[in-house]
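Enquirer: After the structure tokens below, expect a handful of questions from me.
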Amino acid sequence: MGKYAEAYARWQEDPIGFWAEAATAIEWDVPWRAAFNPDKGVYGRWFPGALCNTCYNAVDRHVAAGRGDQAAIIYDSPVTGTKRRISYLELLDEVSTFAAVLSDQGVGKGDRVIIYMPMIPEALVAMLATARLGAIHSVVFGGFAAHELASRIDDATPRLIVTASCGIEPSRTVAYLPLASAAIDQAEHKPDRIIVVQREQHLADLEPGRDLDYAELMSAARDAGHSHDCVPVDATDPLYILYTSGTTGQPKGIVRDNGGHMVALDWSMTNVYGIEPGEVFWAASDIGWVVGHSYIVYGPLLHGCTTVLYEGKPVGTPDAGAFWRVVEEHDVAALFTAPTALRAIKKEDPDGGFIRKYDLSGMRTLFLAGERADPETIRWAEEQFGIPVIDHWWQTETGWAIGANPVGLETLPVKRGSPTVAMPGYDIRVLDDAGHPVEGGQLGNIVVKLPLPPGAFPTLWNNDERFQSNYLAEFPGYYQTADAGYIDSDRYLFIMGRTDDIINVAGHRLSTGGMEEVVASHPDVAECAVIGVADSLKGQVPLGFLVLKAGTDGDPATIEREVVGLVREQIGPVAALKTVVVVARLPKTRSGKILRGTMNKIADGESYRMPATIDDPAVLDEIAEALRRRLKTAG
Ligand code: COA
Ligand code: AMP
């Protein structure tokens, strides 16, 4: 029996004992009464009764254990030309000081703090300082606009917001404070304060009485000798809320608890990623996404590693060798990125000229997640690097891998296109729409038998009901992943796409339903549909169809442009809706359901079967023709 099979069997035999043993890697203030209580929460809770602090385990503990001089964070920012090494001891000083600042501003255990920041060390400091106080952070990705931020403010009702004066995209500087101010104007809940990190690339105008300067607060706290210790919290208390796209414009607040999260992430660093404490781990993601939470911040720091915080892009900052420079310069042992980033690099450097410019001998493994890794991209990467290229599958909801090739246990043979096998903790089944197991190898709904393992979400913020109805109701006893796929005869997983209206654009999870809500708000739009079409670089991109209101005399091309602008303004540039097409009508079933799946096939140039329930088949030809015309004008 291989090590993976052994670990999985051990977990199957005694799931509670398995995680109780993993939990010995964490320092607890008070141990749990039982590692799992099936009667608590919606489907049970991990480590109830235990007291702990995540910041303590991510920072203080390593200083106490003699890692004070080791780099905790290497900040590498090609967009500003900055590099900074922050040791665990320096991080402890920074975090305990900022915790005191937050506490002085009235933040205490259980309060929420929204963090709307670019990829700078202060963002990590803010997350850890919030955790130190037993408060709950909610990081909002910088590519989201004011309206999205406002909906998160209203749901999380934060006491304050921490932001920066600007983020830096290669093409422009993004001023954050005006976006945060606009969000507060739109929101019903009004946070007391905004703490602003002033960056020299663009200084923000602070509003007296509301906005405070991060550096000034920190230096005042230091002068006063202020710092704050870790506040013990229940293992089941929330560490953070991370909003993710749902099927409507109202994002879902994924809750992560403290205890189970630490146990799962630390276990994954050893067993999934094969990383030892002291090594350098780099997740080239953004702290606004779950990958950033789990593997830029908490996983590496809980495990006593050095994490790389990279403020740049895979290409253009300055070239397609940017990632490889970072790997060489900081001696990265494992890189975790999205397939899109590799596709962007491959496009500019197909023969790997940049790759060979750098010494990458320290990099043992390349991990991919966030979207389906297409076999061709994996093949190219394997050929270029000569190391295992490991696709793994997970979701914001789970916080860590559901399916992976656990190189820390053993490297299983890679089947390109498959994220390999179920991790301990996950009993994965494939069911048909009626809830019956499908025959081996058939496509179906991928579900996970309850309970979910430590680290996975116990519920949605303030919304057990939505948690139940969204995830647990359709297949009783199972968590519905909303991914479709199959399991082959070797138990390898194949994740083929979503069963809902979520699309994945450049590794970013977006809701077409959310975009439709914005598009429909344009005064000239009668109805609309947004679908995700295949894209060779970004995996998918959104494409919108509009039907204009009768009697509208606006120029269709102008309305199309306005709609694109509206989505950018309301959701943010990250939505990446660039193409919308005015059509006379949308294809529908006789009962009025829009046939998005068929439109998708037409847009992807795939063959499709005429839906038996279609109201008027001629509409499909109209859609195809409108698309042809539109793509021709787009050149
Ligand atoms: N703040 C503000 N704007 C942002 C932003 C941020 N943090 N991140 C992205 N944007 C903007 C971009 O500037 C772009 O704006 P534009 O329309 O004016 O050009 C828009 O959002 C779309 O961004 P993106 O989809 O990322 O496209 P891109 O062309 O800028 O970059 C890639 C393409 C492939 C290089 C980039 O998408 C990438 O690195 N993807 C990897 C994603 C990833 O790591 N995901 C995490 C999950 S693991
Ligand atoms: P997010 O919550 O942003 O991490 O997005 C999760 C979704 O991205 C999943 O439900 C999948 O649809 C998709 N996804 C993530 N990783 C993979 C992968 N390795 N293979 C296929 N799909 C993936």
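The values are calculated or read from the model by the stated rules, or taken from the named source; none is laboratory data. Computed from a prediction, not measured in an experiment: that's the story for all the values here. Note: ideal-geometry Cβ built from the backbone for every residue, glycine included; neighbour counts use all protein chains shown. Protein only, heavy atoms only, side chains kept; ligands, DNA and RNA dropped before computing areas. Shrake-Rupley method; radii C 1.70, N 1.55, O 1.52, S 1.80 Å.
Enquirer: Just one of (1) within 16 Å of ligand 2 (Cβ to nearest atom); (2) surrounded by 21 or more Cβ atoms within 10 Å (Cβ to Cβ) trips up Thr396, so point out which.
Expert: Evaluating Thr396 over (1) within 16 Å of ligand 2 (Cβ to nearest atom); (2) surrounded by 21 or more Cβ atoms within 10 Å (Cβ to Cβ) leaves (2) as the failure.
Enquirer: Of the residues that sit in the stretch 367-387 and are in a loop (DSSP other than H, G, I, E, B) and within 12 Å of ligand 2 (Cβ to nearest atom), which one is nearest to the chain's Cα centre (by Cα)?
Expert: Top of the filtered list is Gly370.
Enquirer: Output the strands (runs of 3 or more DSSP E) that fall wholly within the stretch 117-187 and possess 1 or more residues being at pLDDT 95 or above and more than 20 Å from the chain's Cα centre (by Cα), or say none.
Expert: 160-164, 166-169, 172-175
Enquirer: Still on this model: Quick one: which residue in Ala9, Ala22 is over 29 Å from the mean Cα position of the chain (by Cα) and open to solvent by less than 50 Å² (accessible area, probe 1.4 Å)?
Expert: Unique residue meeting the criteria: Ala9.
Enquirer: Taking the stretch 328-343 as the search range and keeping residues that are more than 20 Å from Ser294 (Cα to Cα) and within 16 Å of ligand 1 (Cβ to nearest atom), which one is most open to solvent (accessible area, probe 1.4 Å)?
Expert: Arg343
Enquirer: Looking at the stretch 349-358, is at least one residue within 14 Å of ligand 1 (Cβ to nearest atom), on the phi < 0 side of the Ramachandran plot and not assigned by TED's automatic domain parsing to the domain that holds Val574?
Expert: yes
Enquirer: May I ask you to verify whether Asp257 is out of contact with any Leu (no Cβ under 9 Å at 6 or more places or on another chain) and acidic (Asp, Glu)?
Expert: No.
Enquirer: Now a separate question. For the stretch 478-509, how many residues are in contact with a helix residue (DSSP H, G or I) (Cβ under 6 Å, 6 or more places away or on another chain), at negative phi and either aliphatic (A, V, I, L, M) or within 16 Å of ligand 1 (Cβ to nearest atom) (or both)?
Expert: Of the residues in the stretch 478-509, 2 are in contact with a helix residue (DSSP H, G or I) (Cβ under 6 Å, 6 or more places away or on another chain), at negative phi and either aliphatic (A, V, I, L, M) or within 16 Å of ligand 1 (Cβ to nearest atom) (or both).
Enquirer: Also, I was wondering about something else. Here are Ser268, Ser285: which of them is more than 14 Å from ligand 2 (Cβ to nearest atom), within 30 Å of Asp501 (Cβ to Cβ) and modelled with pLDDT of 95 or more?
Expert: Answer to the selection: Ser268.
Enquirer: I would also like to ask the following. Every residue in the stretch 349-364 that is under 26 Å from the mean Cα position of the chain (by Cα) and open to solvent by 10 Å² or more (accessible area, probe 1.4 Å), please.
Expert: Arg364
Enquirer: Restricting the search to the stretch 592-608, which residues are in a loop (DSSP other than H, G, I, E, B) and buried (at least 17 other Cβ atoms within 10 Å of the Cβ)?
Expert: Leu595
Enquirer: Can you find a residue that is crowded, with 24+ Cβ neighbours inside 10 Å and farther than 22 Å from Glu279 by Cβ anywhere in the stretch 68-85?
Expert: No: zero hits.
Enquirer: Select from the stretch 569-579 the residues that are away from ligand 2 (no atom under 16 Å from the Cβ) and within 19 Å of Ser245 (Cβ to Cβ) and write down the one among them that is surrounded by the fewest Cβ atoms within 10 Å (Cβ to Cβ).
Expert: Lys578
Enquirer: While we're here: Would you pick out the residues in the stretch 176-203 that are over 9 Å from Ser165 (Cα atoms) and of a type in the set (Phe, Trp, Tyr)?
Expert: None - no residue of the stretch 176-203 is over 9 Å from Ser165 (Cα atoms) and of a type in the set (Phe, Trp, Tyr), so the list stays empty.
Enquirer: Hey, among Trp19, Trp28, which residue is part of a loop (DSSP other than H, G, I, E, B) and under 21 Å from Ser294 (Cα atoms)?
Expert: Of Trp19, Trp28, the one residue that is part of a loop (DSSP other than H, G, I, E, B) and under 21 Å from Ser294 (Cα atoms) is Trp28.
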